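Values in this text are rule-based calculations from the coordinates and carry no lab data. As the structure is a prediction and not an experimental result, all values here were calculated from the model. As a convention, Cβ positions derive from the backbone with ideal geometry for all residues, glycine included, and neighbour counts pool all protein chains shown.
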Amino acid sequence: MKWTDYLYAVFKDYHTQQYWNFARDGAVIDSAVIPPRIESYGTLSDQVKDFEDLFTPMPGPRNVDWHSNDTLFILAFGVNDLRNIARLEYNDDDIGNTTYHLAQSLINQSRRLALLGARHFLFLNVQPLEQTPKYALPSQIGYSVRHIIQSATNQYCAHLKTAVD
């Protein structure tokens, strides 16, 4: 379950809420900054385009009926990007520059959503990936790059906070 799926499952009210998930496994924020491991995973831009094609102009098709005043857009991005930074073993200078551009790209896509009518956003930071078994346990494949994933996660979250503010 993705975080957005979990939030909906916990807080849903079937009588008043609808839920549409445009997430794609493996998607990255911006392929010009960090390419997806597999091209078909796509990007946030692809997901915004899917939303635009299916649900705009507002209120979208009859079964959707969304409105600016009562719709929440949840953007939970960065995990795949940061994993790719660690996998490619970026150095500290590249991590700072790359994570800055990732956060800016995320904000640019949220602005694109705003032009389509979105007004309420929830930006989810990336959890401390270095504490997950893949990076924390010496027997796991990510252990040798745990310092990279920790630096990338910390820097991305800091850049995202600044960009959202």
For this session: Taking only the range 118-158 into account, find how many residues are in contact with a Ser or Thr (Cβ under 7 Å, 6 or more places away or on another chain), farther than 15 Å from Leu75 by Cα and crowded, with 20+ Cβ neighbours inside 10 Å.
Result: 4
Problem set entry | Count of residues meeting criterion [in contact (Cβ under 8 Å) with a residue 40 or more places away in the chain and in a loop (DSSP other than H, G, I, E, B)] in the range 38-56 | 1
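Looking at Thr43, Thr98 in this structure, which one is surrounded by 15 or more Cβ atoms within 10 Å (Cβ to Cβ), out of contact with any Ser or Thr (no Cβ under 8 Å at 6 or more places or on another chain) and among the β-branched types (Val, Ile, Thr)? Don't jump to the end; show me each part of the working.
On the way: Thr43 fails: out of contact with any Ser or Thr (no Cβ under 8 Å at 6 or more places or on another chain).
Just a single option satisfies the conditions, and that option is Thr98.
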Seminar exercise, completed: Considering residues that are part of a loop (DSSP other than H, G, I, E, B) and either among the β-branched types (Val, Ile, Thr) or farther than 16 Å from Arg112 by Cβ (or both), the number found within the range 20-37 is 12
For this session: Identify the single condition in (1) hydrophobic (A, V, I, L, M, F, W, C); (2) under 15 Å from the mean Cα position of the chain (by Cα); (3) within 26 Å of Asp94 (Cα to Cα) that Ala23 does not satisfy, given that it satisfies every other one.
Result: (3)
Problem set entry | Residue, farthest from Arg87 (Cα to Cα), within the range 1-19, restricted to residues that are of a type outside the set (Ser, Thr, Tyr) and outside any loop (DSSP other than H, G, I, E, B) | Phe11
For this session: Of all residues in the range 65-87, count the ones that are surrounded by fewer than 14 Cβ atoms within 10 Å (Cβ to Cβ) and out of contact with any strand residue (DSSP E or B) (no Cβ under 9 Å at 6 or more places or on another chain).
Result: 2
For this session: All but one of (1) in contact (Cβ under 8 Å) with a residue 40 or more places away in the chain; (2) surrounded by fewer than 16 Cβ atoms within 10 Å (Cβ to Cβ) hold for Leu115, so report the exception by its number.
Result: (1)
Exercise. How about the range 60-165: which helices (runs of 4 or more DSSP H) wholly inside it have at least 1 residues that are among the hydroxyl-bearing types (Ser, Thr, Tyr)?
Worked result: 92-115, 133-136, 146-164
